[in-house]
Amino acid sequence: MYGRNLRELRKIEGWTQEEVAKKIGISKQTYSHYENENRKPGLETIRKLALVYQVDIDKIFSESDLENLTAKEETDIAKKLENMMADLESNDSLAFMGEPMDEEDRELLRISLENALRTSKQMAKKKFTPKKHR
């Protein structure tokens, strides 16, 4: 499924495989293997793809859109994420080994937190919504 998702994301942006490969620092052939699912990208490459496409990692690997979130749920997630990031930044918590996090690391953290919030919301919906209402 990830290959199809990568292809769709790339086409939405109007980019070629070569352009995406250059953006994330790999060869066109390697990226082509990802889209064709002949090779699975490593964690660092997945992070770079999520940043380039400005999506959470879950979007790359999702198999279906069965657990779509409502507009209210999306708004709730955005507010929670904003509050979490504000709390982390105000307390000088965004540091690694005493050094402040750079903008890329901060964005990766934001993506990870958003992914966690979305996943937990989707799991709760699946768990607590009766089958007849799904």
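Classify the stretch 2-61 as rounded, prolate or oblate, taking a ≥ b ≥ c as the square roots of the eigenvalues of its Cα gyration tensor: rounded when a/c is under 1.5, otherwise prolate if a/b is larger than b/c and oblate if not. It comes out rounded by the Cα gyration axes. Full extension of the chain between Trp15 and Glu89 gives 23.2 nm of extra length, using 0.36 nm per residue less the Cα-Cα distance. For Lys80, the aspartates and glutamates whose Cα falls under 15 Å of its own Cα, not counting residues fewer than eight places away in the same chain, are Glu89, Glu114. The radius of gyration of the Cα set in the chain, together with its Dmax, comes out at 17.0, 52 angstrom. Once backbone amide H atoms are built at 1.01 Å from N, Met101 has Ala95, Phe96 as its partners under 5 Å, excluding neighbours fewer than 5 places away on the same chain.
Fewest first, what order do Leu117, Leu43 take by the number of other Cβ atoms within 10 Å?
Fewest to most other Cβ atoms nearby, the residues stand as Leu43, Leu117.
With unit charges on the beta carbons (Lys and Arg positive, Asp and Glu negative) and the dipole taken about the Cα centre of the stretch 2-61, which residue among Tyr31, Ile57, Leu9 sits farthest to the positive side? Farthest towards the positive end: Tyr31. For the chain, a crude dipole built from +1 on the beta carbon of Lys and Arg and -1 on the beta carbon of Asp and Glu, taken about the Cα centre, is about 1000 debye to the nearest 20.
We did not get these values from a lab; they are worked out from the coordinates using the rules stated. Just so it is clear, the model here is predicted, and its values are computed rather than measured. Here Cβ is always computed from backbone atoms with ideal geometry, including for glycine, and neighbour counts include all displayed protein chains.
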